Amino acid sequence: MISLKYVTFFCFLFLFQKMISQSFEIIGKIQSTIGVENIHVINQASQQFTISDKNGVFKISAKLLDTLTFSSVQHKLKTVVVDRNIQSFKTILVTLQENVIELDEILVGKVLTGDLNLDVGNVKKNTSVNFYDVGIPGYKGKIATPSERRLNEATSGGGFGGVSLNSIINGLSGRTKMLKNRVNIDKREALLQSVKARLSKDFFASNPLENDLKNDFFYFCADDENFIKFCKNQTDFKILIFLRMKYRQYINNRSQKKD
């Protein structure tokens, strides 16, 4: 005959397991003295993520005992375990601390020895002219990359009847097409480095990958024909969705190669 205390224990265990298996939506608010927008919120258990709005408010699904991670470049990493209190009220208030990087020593200016021959070599030289310092309006547009300058040279120049001779020659030889491809490659590389610098830390926190494979993964993403479409001038949230999709493809490809 089964004892009553065992029945009670198993009933409690059943109810507890049911309780922690139920997912619910949490409405949260982030507090900080240096800004609360675009804070990455990641549920480590379900691998779901979201980003806070300009008021620091976010919504995310979770279960009891799930771990939520809060991170941004400006703040210290913080983790919060979903407890009974959060489950009951379906709300959470999180305070983040500024990530202050302390420098051991800062040297301002150059050290002068009194020896003119040495001091002249230590003085920093200005190699460029600030047009506005001398009262001359300067160029305020975007500075062209080397590839863009070469493309401009290949498609401009003197000619007859307003037709560029350079453009005709380089078009026939295929040089213009080659330079256009190089410009596109440079733009793709610049965007790749920007995405990697901004989101690498937070992305790999919930999508683990060996260190020697991380660069390979980002170039795998950049090879996608939709890379620029989904990553240029997009919010971090949309870029993370694209990276998550490519992550599944990358892991699947590596599994097939091993098999």
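The values are calculated or read from the model by the stated rules, or taken from the named source; none is laboratory data. Since this is a predicted model, take the numbers as computed values, not measurements. Note: ideal-geometry Cβ built from the backbone for every residue, glycine included; neighbour counts use all protein chains shown. Just so you know, the surface numbers come from the protein's heavy atoms only, side chains and all, with ligands and any DNA or RNA stripped out. Shrake-Rupley method; radii C 1.70, N 1.55, O 1.52, S 1.80 Å.
Express in nm, to one decimal, how much length is gained between ILE34 and THR235 on full extension, taking 0.36 nm for each residue of separation and deducting their alpha carbon distance.
70.4 nm
How much accessible surface does THR50 have with a 1.4 Å probe, in Å² rounded to 10?
The accessible area comes out at roughly 20 Å².
Over 30 Å between Cα atoms: which of LYS196/LYS257; LYS59/LYS187; LYS201/LYS232 fall into that group?
LYS59/LYS187
Using a 1.4 angstrom probe on the protein heavy atoms only, could you order VAL36, VAL94, VAL81 from most to least accessible area?
The most accessible residue leads, giving VAL81, VAL36, VAL94.
Quick one: with all protein chains in place, what share of the accessible area of region 42-88 is carbon or sulfur, to the nearest percent (1.4 Å probe)?
49
From the mean inverse distance of alpha carbon pairs (Kirkwood) and the Cα radius of gyration, derive Rg over Rh for region 32-85.
Result for region 32-85 is an Rg/Rh of 0.96.
Can you pull the accessible area of ASP212 for me, 1.4 Å probe, Å² to the nearest 10?
Around 120 Å² of this residue is reachable by solvent.
Just subtract the alpha-carbon distance of ASN211 and THR95 from 0.36 nm times their residue separation and send over the number in nm, one decimal.
Extra length available between ASN211 and THR95 comes to 38.7 nm.
Taking the simple approach of a point 7 Å from Cα along Cα-to-Cβ for both ASN252 and ASP53, what is their distance in nm?
3.4
Using DSSP to call loops (not H, G, I, E or B), can you name the GluC sites (Glu not before Pro) in region 180-259 whose Cβ has at most 15 other Cβ atoms within 10 angstrom?
Passing sites in region 180-259 are GLU210, GLU225.
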